[in-house]
1. Using heavy-atom solvent-accessible surface (probe 1.4 Å) with all chains present, what is the largest-first order of A:424, B:261?
2. Roughly how many Å² is the accessible area per residue of region A:109-167, as a whole number, for a 1.4 Å probe?
3. Using only the heavy atoms of the protein chains and a 1.4 Å probe, how would A:410, B:251 rank by accessible area, largest first?
4. Provide the solvent-accessible area of residue A:423, counting protein heavy atoms only and rolling a 1.4 Å probe, rounded to the nearest 10 Å².
5. Over region B:57-207, what percent of the accessible surface lies on carbon and sulfur atoms, probe 1.4 Å?
6. Using the structure shown, select from B:205/B:396; A:141/B:466; B:141/B:205; A:141/A:423 the pairs with a Cα to Cα distance greater than 20 angstrom.
7. Compare each residue of region A:136-159 in its chain alone against the assembly with all protein chains, and report those whose accessible area goes down by 20 Å² or more; 1.4 Å probe, heavy atoms.
8. Sort region B:112-169 into rounded, prolate or oblate with this rule: let a ≥ b ≥ c be the square roots of the eigenvalues of the Cα gyration tensor; rounded if a/c is under 1.5, and if a/c is not under 1.5, prolate when a/b is larger than b/c, oblate otherwise.
Protein chains: 2
Amino acid sequence: MSGPGCPTRCCSFPAVQKRLPVLRWLPRYSLAWLQLDVIAGATVGLTVVPQALAYAEVAGLPVQYGLYSSFMGCFVYCLLGTAKDVTLGPTAIMSLLVSSYAFHDPVYAVLLTFLSGCVQLAMGLLRLGFLLDFISCPVIKGFTSAASITISFNQVKNILGLQGVPRQFFLQVYETLRRIGETRAGDAVLGLSCLLALTGLGAMKSGLGRAAGAEPLCTRVSYCIVWTSATARNALVVLCAGLLAYSFQVMGCQPFTLTGRIPRGLPAFRVPLFSKVTHNGTVPFSRMVQVGAARSPAQGESRATPRARESLEKGQPRNDYRIEPNQELLAMGLTNLLGSFVSSYPVTGSFGRTAVNAQTGVCTPAGGLITGGHRAGALVLLSLAFLTSFFYYIPKAALAAVIICAVTPMFDAAIFRTLWRVKRLDLVPLCVTFLLCFWEVQYGIVAGVLVSGLLLLYAIARPPMKVSTQGELVVQPGSSLHFPAAEYLRDTVSPTPGSVVLDCRHVSSVDYTAVLGLAELLHELRKQGLALTLCGLQVPSRPGSCCWHRHRRLLWRPNCTRATQHLESGLPPGPAATCCIS
Amino acid sequence: MSGPGCPTRCCSFPAVQKRLPVLRWLPRYSLAWLQLDVIAGATVGLTVVPQALAYAEVAGLPVQYGLYSSFMGCFVYCLLGTAKDVTLGPTAIMSLLVSSYAFHDPVYAVLLTFLSGCVQLAMGLLRLGFLLDFISCPVIKGFTSAASITISFNQVKNILGLQGVPRQFFLQVYETLRRIGETRAGDAVLGLSCLLALTGLGAMKSGLGRAAGAEPLCTRVSYCIVWTSATARNALVVLCAGLLAYSFQVMGCQPFTLTGRIPRGLPAFRVPLFSKVTHNGTVPFSRMVQVGAARSPAQGESRATPRARESLEKGQPRNDYRIEPNQELLAMGLTNLLGSFVSSYPVTGSFGRTAVNAQTGVCTPAGGLITGGHRAGALVLLSLAFLTSFFYYIPKAALAAVIICAVTPMFDAAIFRTLWRVKRLDLVPLCVTFLLCFWEVQYGIVAGVLVSGLLLLYAIARPPMKVSTQGELVVQPGSSLHFPAAEYLRDTVSPTPGSVVLDCRHVSSVDYTAVLGLAELLHELRKQGLALTLCGLQVPSRPGSCCWHRHRRLLWRPNCTRATQHLESGLPPGPAATCCIS
């Protein structure tokens, strides 16, 4: 593995391969792979188009923006991506985040894309991907579970055919319940039917095994039909609903709320607008930049996708590749940066489609190429060019059903019970994130990350101390001694009835403040005529760790040659290496 | 030791003693102690009065506010304080902090006292004193060293007799150097003479031993005179300079910049003003509250006082008491709260006077009683009542010399070398704090605390891993596994040529994210037909730690009875306890 600190090798072939993962699989690409890729790409495409329309609705943007956002990610990810079954595109959670910043104004959303692309690219280039490590699983779970509820409920208004419901969750619940009498029968019936159909097809899909090659042709054909309709269920349901709406339109009555007119053709390739003078004044730039921060968690989500899916499906993970976070940031950053030129709103690794991709057995990121190149050429561009007049007839209730079915699996009720069994303290960040996300998603994430960070710091400040009295007081810190624990160690030891043995077997590093604390403890004990004995000392396991014997105040007594020898020779001292300090 | 969680004992005598430490020493108070206390109190008083005047100048307030701030702390600390040689009063560093918030307007300073009193009291009552643990020694050192330079340079303008120099450090340096030609000869000569005198007397003091009782009377008397003049050197120098200025005034010429008129008498006891409409509008309340945060570090300083002094004097600490941070917060909070009613500006544990107190051998916090009760009655009140007309004649250059001599020892150049030898990583927060404090003190502290916190988190995210290949890959994490380290562990292990042994001897807790990471690692290895073995497992050393065998995905295989027995019986497993997970 080539670490970040090898300047001589940064232009070697492995390094270039690392930056352009396409070079890893392209030379090995075969016809069999192509076949699989085409199937996967087409399947994903049929899932993506209706979802793209629906997610744009979640983001509060005109539906065509969902399509504008869908193709750039695939081109870029195909070249730069590391995960073979992740596709970049609009996602439910990103749409929710975007909705709070760019509600109803695409110009803001596009500028947001540009800026978050810059932030991600900078993070990737500066190798700040490790920051994503600080988003813990409970935070991601709390966030996705809350988002699942928020997004689902957000769509209830569309199923009921209500207009002008506010965006904030609690107000939305209140307004929806208050105005439930205004429900439009057509929308409600259609929405519920679509929900039923999607759930049924989804259940059929998961019940379906793989078709064996040995079976008779008619079985294989019917299997194929069922499999296709179950996999492309989103497209199927939306298509049926649209045809129904069109029939009603032809008959002169329209019981459904429709998507409405969509401009035809591809978006123009142009630089995003950096200032737009609206009747409310110009867009506050600072607010846009804020989003860069809120985006990272969504990244975390995309990184956690395999992990989340795994625990979701209670099965085994299907992938054994490494997602390299810095490389992912580069790919996403570039996608967003370029996407902002084609009026895309911010995209991220897709949760739902990732699962589809994996199920159809994509071998390389060219699954992205198909959903990008082929589907973008064949499906997205096709739909933008020819289907916009059809999109007019798509009932909003059908799109709402698509979204609800897409986000419901993200809610994970079992996590509460799991954490209660495994690690109760982790329930704190989970609950904080979960509850605050209903107020405002980004506050929930930030609060969750802060809370889990504080719990980490608390663990450092109050390390587990095993205290036992065997003639002497034996204190064994459970982890390294850092400055927040310095006073705690002293408080644990004193007042002491006798001499103190500090068992340092788990202490791998000590910082200056802790050394001073030990020196104070030593002086305190000496005043009472007691001794402080250190045992189980380790040699510094990495350079820069504190070498205790170097510190003038903690010089080793000459008679404890054994530990000193150990320390100075660099040999690891055994558990018997005991040392008194004067 | 009575922990925080013992509700039944909160009204017992030890608990009351803990809240009112006066009850600990008052019953044992003797005449011999009283004698020592009176000497110490009077000595401290003679140091305090000139310093109080000088510090008010640092805070940018009229000099009488220094005196107003000096007596409340002593009364309160005498009842509530835990450290016997700490006195509460205006300090150089707090004056510097106050100066940036309440420059030239006492009303702001008094309101600030009230608010920070409330914050401290709340922190003390909520037992948030442990937050002070997160201010590490390098941050305190960087902060005090920078403050020492800032405050010293701040006084150079007074020694040179320059007027209208800006407050910001860099502007101040620029302005002072630019206008060095405007130096007033009288001020410069007086200031430098005072500096010389103070330095000389200080050196004499540290060279002086204790008077032995067996020596002849005249030796003892002369010793006493030298000791008194060396100890009360601040008062002596200010007195001489004042008399000199008075003589010049009588002769009709005045070469010195004088302190000027001071209102006579004690401040009125009144509620602090909560709003003051100035020509610039009302005071921004948010800005005031901000200070509550900036105050904590100054608290940290007071807590670190014995520690800092110790490393300063390269000797042994003279005290063996515990400073209980929550109790200290209560004492300081009450002092500030009550102080705001007598126009005090925020006070904190005094660094310089603490040393004086310790040197004269104070036995109990009644040293505070003397400096509070007696000195406040005899010295501060006396000076406020009768000496204000004398204060008119105190040259500013003399006060500047007092300040410079008080803060110079706070600069600790040796810390850079010490940290280089002991723990190089600690140089980062030190340098960040040190450098940013020149820009604005509170930014420096906040940045230092953040940087040291981030270094802590980084230590958790990248724990030391001992990797050795002995047929199998043996990985031994140096500390507990928390969520930021989950991915790092996987990256360390894979790609692996063979089976993996995870030596958990130093792992005392594992959180849910890390458990998921291990599960993923296990699946990854199983796909390659490899095994993951855990050895050296510990029982959870505190409740709430992760019990691995509870987690459904990490069930112990029935054949590894030894580790399971160990885990389930609650016995600590020996280093040989090895366990395979399926």
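The values are calculated or read from the model by the stated rules, or taken from the named source; none is laboratory data. Just so you know, these numbers come straight off a predicted model, no measurement behind them. Don't worry about glycine lacking a Cβ; one is built from the backbone with ideal geometry, like all the others, and counts go over all protein chains shown. When the accessible area is computed, the model is the full protein with side chains, heavy atoms only, and any ligands, DNA or RNA have been set aside. Shrake-Rupley method; radii C 1.70, N 1.55, O 1.52, S 1.80 Å.
1. My answer, sorted largest first, is B:261, A:424.
2. Normalised by residue count, the accessible surface of region A:109-167 is 27 Å².
3. B:251, A:410
4. Estimated to the nearest 10 Å², residue A:423 gives 20 Å².
5. Carbon and sulfur: 73 percent of the exposed surface of region B:57-207.
6. Distance filter (> 20 Å) returns B:205/B:396; A:141/B:466; B:141/B:205.
7. Residues losing area: A:136, A:137.
8. Taking the square roots of the gyration eigenvalues as a ≥ b ≥ c, region B:112-169 is oblate.
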